[in-house]
């Protein structure tokens, strides 16, 4: 009984090795499935996924927050700059400067990872940290 189980296991391993060898030696165009061979519901799902990818690229999904002390006489890193950017580098950087008696908030537009207005070092850090790794 054990001999049969071992032989079955060896046959399974050999079949798996052969399948991996064939898959690796096939060219990429041979592995690709022709769209005409797919059922209509699979084609519809592919189209829906493609549309969702396009929508997702325009969402503000690249986010980075930089906290800091804007003034030397204050602590706790209560000031912050927040970058909200889409995949194309378009979005906004929001900054709140916290002082002893007041707080001020600013918004600057980001187009193609750049801003028409001068960015503070902290705002520039937030924009750079929001940029996805290449």
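Going by how many other beta carbons lie within 10 Å of each one, how would you line up 85, 49, fewest first?
Ascending number of Cβ neighbours within 10 Å: 49, 85.
I need two numbers for the chain: Rg to one decimal and Dmax as a whole number, Cα atoms only, in Å.
27.2, 84
At 7 Å along the Cα-to-beta-carbon direction for both residue 44 and residue 61, put a label point, then send me their distance in nm to one decimal.
It works out to 2.4 nm between the two label points.
Highest mean first, how do 57-64, 102-109 rank when packing is the count of other Cβ atoms within 10 Å averaged over residues?
Highest mean packing first, the order is 57-64, 102-109.
If you rank 98, 88 by fewest surrounding Cβ atoms within 10 Å, what's the result?
The order, fewest Cβ neighbours first, is 88, 98.
Once the Cα gyration tensor of segment 62-130 is found, what semi-axes does its equivalent ellipsoid get, as square roots of 5 times the eigenvalues, in whole Å, sorted largest first?
Equivalent ellipsoid of segment 62-130: 23, 11, 9 Å, largest first.
Contour minus end-to-end for residue 74 and residue 125, with contour as 0.36 nm per residue of separation and end-to-end as the Cα-Cα distance?
The residue 74-residue 125 span can extend by a further 16.3 nm.
Relative contact order for the chain: what is it in percent, counting Cα pairs under 8 Å that are at least 6 residues apart?
18
The numbers here are math on the coordinates, done by the rules we state, and not lab data. Please read all numbers here as calculations on a predicted model, not as lab measurements. Here Cβ is always computed from backbone atoms with ideal geometry, including for glycine, and neighbour counts include all displayed protein chains.
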